[in-house]
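Below is one structure, written out as structure tokens; the observations come after it.
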Amino acid sequence: MATLEEYGSIADPDASLLAGQRNVEVEAEDVQVRSRRVRGTLLLVIGAASALVGMSSMTRLTDASTTNGAGRSAGASFDADSSISGKVDTLNPYLELTCTNEYGSTKGRDFFYPFLRGRDDPSEAILVEPYRATIVTIDDPCNDCDYSWRLLDKTGYDVSEYSVGSLNDDSEITLTINATGVHTLEVKELKPNTGKMDYRRFRNFTTYVKYVRREVRELTVEDRESFVHAASTMWKVSTVDGRKRHGFGDRYYDIHYLTIIHNDLAGGYECDFIHGTTGYAFVNAHSAMNLMVEQSIQTIDPRLSLPYWDYSYDKWKYANEEKFGDEIPNEDDLALMDIWESDIFSANFFGSNDFDAGLIADGAWAGYEVPLMTEELVKSSGVDTIEWGKFKNMSLGSCYGQQPDVCKGEYGNLTLDAQAHVANSFGYLRSPWNMNAEAPLIRSNKMCGHANSLQFPDCNAIIDNQEEYTDFADYVLNLQDSPHGTVHIFTGGAFGKCTDTYSDLRTTLNNDTIYFKVVEKVSDIGKDLWQNGYLQCPDPASCVGKSQDDCTCSCTSSALETYDEVSDMSQYEILHNSTMWATYATTVSLSDEEQAGLSKDDMLALLDAMCNTDILFGDMATSNSPLDILFFSTHNEVERIFQRKMLSSTMKTRTWPATEDLCPGQKPNWKNLWFDFTFDDETTDSTSLTNEEFLNLLDPTSVEHVHNMNYVYNSFNWTHCNAYNVGSLVTDYTTTMDPEDWMWKA
């Protein structure tokens with residue numbers, strides 16, 4: 001077993017993240033369950049056995065309860081027969097189990113979910129990770145007793161006969177279960193030295209087999225290396241080749257499939273289907289992408305799950321004056337730049353950066369180039385298979401396949417004849433407003449000449465998101481902003497000719513408060529002006545073969561429209577009341593007071609900096625952001641934050657907003673036809689799910705969640721947030737972040 005590397009702990013910076021964990025030798029074969037004690041061996045093969053449930057050699061469960069509800073199992077029993085010389089009387093009246101793998105020892109109660117910790121008796125359930133050897137140990141065994149083990153699948157068939165050896169009387173076994181879902185583990189304590197089936201204690205344990213998502217730095221070296229290899233394969237092997245040449249199977253999709261979809265939905269000219277001021281589908285769409293990436297990776301290595309990146313930890317650890325907790329005192333401080341020192345940005349993880357060139361310098365993603373948006377890319381990625389080829393030449397930002405009422409309202413002009421797949425003017429799989437003419441994937445640490453050190457999520461952002469919002473609509477709109485969006489801006493950046501333009505703008509404004517507000521929102525301004533029709537760029541692929549300088553965007557002549565009914569307005573008033581300025585000011589969040597302090601020349605300078613300067617964006621900052629591997633661990637953390645909120649008792653209103661004046665993709669009955677992943681409940685069809693239905697599956701407190709979703713998070717703690725310094729004050733957030741306030745305990 002590879003040794004574990006030492007990192008500063010998220011829970012304790014002075015200790016290894018994995019200190020004290022118990023390493024287990026994991027075999028590679030599909031069939032392996034070996035006793036660690038001399039008395040016997042038990043071999044269980046669940047993946048293969050499930051396919052053979054119809055064989056006559058199997059027997060159906062007749063004497064064990066298979067309930068997976070929250071109540072105490074009817075199969076628990078205790079017989080206080082004194083014939084064991086009083087030994088039983090000193091034992092726990094109910095058998096309890098501990099599960100151990102290379103990540104340590106756990107009980108069901110260690111996972112903060114209603115179907116585990118939230119049961120009436122959490123000791124009756126255990127969680128086992130698929131494809132991993134798990135040692136299952138009886139906590140308080142009788143020294144002289146024998147033990148019998150049986151494993152039953154979800155249909156009640158006994159699959160434990162697929163064993164090696166006949167001595168099934170050990171108090172400790174090792175399981176490897178190669179299928180997610182719910183099983184029943186039957187454990188019987190037998191009277192010693194008699195050979196009789198005279199039960200002392202017996203219990204049926206509901207056994208949840210689910211993947212566990214962990215922080216990327218908590219992975220063992222072996223798992224981290226395997227994850228990097230499997231994930232990077234999606235950038236190197238097309239969907240078609242992965243399935244046909246490499247045998248990955250039909251759950252495999254390459255990264256271009258997901259990026260085309262995200263680029264279409266977020267970068268179309270009509271509206272943003274998955275973000276924005278009505279971005280209610282934000283959690284849905286990105287959690288679905290996480291799941292598709294996770295299941296694609298599992299076609300390469302079925303042991304793996306998608307790790308999350310607890311990025312607020314990096315803000316806490318690296319980006320403070322004295323490190324570890326002191327908040328940055330002002331926005332012009334360069335301390336945020338130290339976040340690039342994190343292990344996340346290293347060859348062993350997601351690659352370090354060549355900041356002069358803005359490129360990933362090393363690691364598995366070094367040298368990656370953004371592809372041209374071509375018909376061949378659509379075909380090789382598998383996008384042409386969605387809805388039997390309907391989207392071969394058409395953007396996913398379309399009303400095709402939706403119920404008639406989905407596209408009623410403001411966006412009723414979205415018809416079957418939607419635009420083509422989104423690309424930039426140079427033909428690349430990028431946002432139309434990103435005029436980058438070069439292929440390499442960009443991570444820039446600059447923001448138009450200024451160090452990109454203005455924003456990054458901290459503990460305050462996460463805690464405020466947990467504390468301040470009780471309505472789903474308000475909550476999810478905030479979630480996509482400060483606790484998440486600033487990661488994209490920080491790791492993407494902006495560069496090009498805007499370096500000189502924004503330097504001059506700072507001088508013109510002579511107001512750093514407004515200047516920094518504008519710089520923080522540069523990528524949003526470009527998107528909003530383009531999507532509202534004020535900023536026009538050459539057609540997709542119309543600049544192929546041209547130089548960067550020969551192809552530019554500009555604002556339309558009608559952008560500064562006037563209100564004709566007010567003929568005596570001054571030039572300042574005309575500009576101030578134009579819809580273009582209103583869009584700009586809203587995007588930047590300029591207050592009425594701040595706007596009133598701007599002269600006409602100030603306003604024109606602000607608009608000119610965007611209209612007449614091609615700003616080139618790092619790819620993480622725009623609608624093709626899934627091309628950067630950082631995207632998925634970032635959004636996995638977002639889903640962890642979301643689950644923590646849903647598990648708390650603070651989400652009072654969970655209703656999806658229903659109004660006609662929404663972008664169609666944000667409506668509750670919108671169907672994501674591109675969904676393609678499996679659930680534990682095989683009757684659930686991902687492509688038929690509406691937004692509202694999928695949100696219910698994502699909610700860890702719903703009954704449907706436990707029967708469908710095949711993963712859990714290992715932790716809902718942000719322990720580095722327990723004492724976060726704000727100026728001279730130390731705020732104790734232990735109460736807020738302590739996972740004791742759960743919906744199912746209310």
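The values are calculated or read from the model by the stated rules, or taken from the named source; none is laboratory data. Here the structure is a predicted model, which is why all the values come from computation and not from measurement. When we count neighbours, we look across all protein chains shown, and the Cβ atoms used for this are built from the backbone with ideal geometry, even at glycine. Just so you know, the surface numbers come from the protein's heavy atoms only, side chains and all, with ligands and any DNA or RNA stripped out. Shrake-Rupley method; radii C 1.70, N 1.55, O 1.52, S 1.80 Å.
Once the Cβ-Cβ distance of residue 144 and residue 110 is raised to the sixth power relative to R0 = 25 Å, the FRET efficiency obtained is 0.25.
Near the amide H of residue 555, within less than 5 Å, lie the amide hydrogens of 536, all on another chain or at least 5 residues away, with H placed in the peptide plane.
Rounded to whole numbers, the Karplus 3J(HN,Hα) couplings from phi for segment 700-706 are x, 8, 7, 5, 5, 4, 5 Hz, using 6.51 cos²θ - 1.76 cosθ + 1.60 with θ = phi - 60°, and x at Gly and Pro.
Computed over protein heavy atoms with a 1.4 Å probe, the carbon and sulfur contribution to the accessible area of segment 331-392 reaches 47%. Ranking 406, 427, 462 by how far each Cα lies toward the positive end of the dipole of segment 383-526 (charges on Cβ) leaves 427 at the top.
Under the simplified labelling scheme, the residue 653-residue 121 pair shows an inter-label distance of 4.2 nm, with each label point 7 Å from Cα along Cα→Cβ. Label separation (residue 419 vs residue 574): 3.0 nm, computed from points 7 Å beyond Cα along the C-beta direction. Entry note, segment 445-578: relative contact order of 22 percent, from Cα contacts under 8 Å with a spacing of 6+ residues. A full extension of the chain between residue 337 and residue 481 corresponds to an added length of 49.8 nm, given 0.36 nm per residue minus the alpha carbon distance.
In terms of overall dimensions, the C-alpha atoms belonging to segment 471-625 reach 47, 46, 31 Å along their principal axes, ordered largest to smallest. 3J(HN,Hα) along segment 469-485: 10, 10, 10, 4, 4, 5, 4, 5, 5, 5, 4, 6, 8, 5, x, 9, x Hz, from the Karplus curve 6.51 cos²θ - 1.76 cosθ + 1.60 with θ = phi - 60°, whole Hz, x for Gly and Pro.
Can you give the FRET efficiency to the nearest 0.05 for residue 387 and residue 539, using r as the Cβ-Cβ distance and R₀ = 22 Å? Kindly include the intermediate steps, with their values, before the conclusion.
Values: r = 26 Å, r/R0 = 1.17.
For residue 387 and residue 539, the calculated efficiency is 0.30.
Of the three principal axes defined by the Cα atoms of segment 609-690, the extents in descending order read 51, 33, 31 Å. When +1 charges are put on Lys and Arg Cβ atoms and -1 charges on Asp and Glu Cβ atoms, the dipole computed for segment 609-663 relative to its Cα centre reaches about 540 debye.
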